[in-house]
1. With angles folded into 0 to 90 degrees, how steeply does helix 19-43 sit against the dominant principal axis of the chain? Use alpha carbons for both and round to 10.
2. At a threshold of 8 angstrom on Cα-Cα distance, excluding pairs fewer than six apart, so keeping six or more, what relative contact order does segment 5-92 reach in percent?
3. Going from the alpha-carbon gyration tensor of the chain, what semi-axes, largest first and in whole Å, does one get by taking the root of 5 times each eigenvalue?
4. Against the longest alpha carbon principal axis of the chain, how many degrees, from 0 to 90 and to the nearest 10, is the axis of helix 5-14 turned?
5. Using only Cα atoms, find the angle between the long axis of helix 72-92 and the longest principal axis of the chain, and express it within 0 to 90 degrees, rounded to the nearest 10.
6. Tell me which trypsin sites (Lys or Arg not before Pro) from the chain have a DSSP coil assignment and no more than 10 other beta carbons within 10 Å of their own.
7. Taking only DSSP H segments of four or more residues, each worth -39500 (n - 2.57), what value at 222 nm results for the chain once the sum is divided by all its residues, to the nearest 500 deg cm²/dmol?
Amino acid sequence: MRTGPGGLAVLTLMLGLPLPLSFALVALSSLGLIAVFVLIVRRQPALFNVTMLVGAVAWLAGSVLELADQPVYFVVYWWVGFLVLTIVANAWS
């Protein structure tokens, strides 16, 4: 069975390991998603792909802010931005 940093983040949460480790793995997952979307945008520079890339950057911003121990009421806007941008981009595609 293969898993990426996102799956490992869930596993660390379930095992009760320190939260910064989980947050770091989530940030690493968002970096992986950004790398994938950079490749996709290079191959097909459509508006919906760029929008999904911006959403992935918003996810990374929220994850880094969470890792920096910012208040959740500030971080959640970035995560919601990721969800909204991804859904909108999917509707455009």
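Every number here is computed from the coordinates shown, using simple stated rules; none is lab data. Computed from a prediction, not measured in an experiment: that's the story for all the values here. For neighbour counting, all protein chains shown are included, and Cβ atoms are generated from backbone atoms with ideal geometry for every residue, glycine included.
1. Between helix and principal axis, roughly 10 degrees.
2. Values: 93 pairs, mean separation 24.1, N = 88.
Dividing the mean separation by the residue count of segment 5-92 yields 27 percent.
3. Values: eigenvalues 125, 52, 20 Å².
Square roots of five times the eigenvalues give 25, 16, 10 Å.
4. Once rounded, one gets 30 degrees.
5. Tilt of helix 72-92: around 30 degrees.
6. Details: sites: Arg2, Arg42, Arg43; in loops: Arg2.
Listed in order of number, the matching sites are Arg2.
7. On the way: 4 runs with 77 residues, N = 93.
Per the formula, -28500 deg cm²/dmol.
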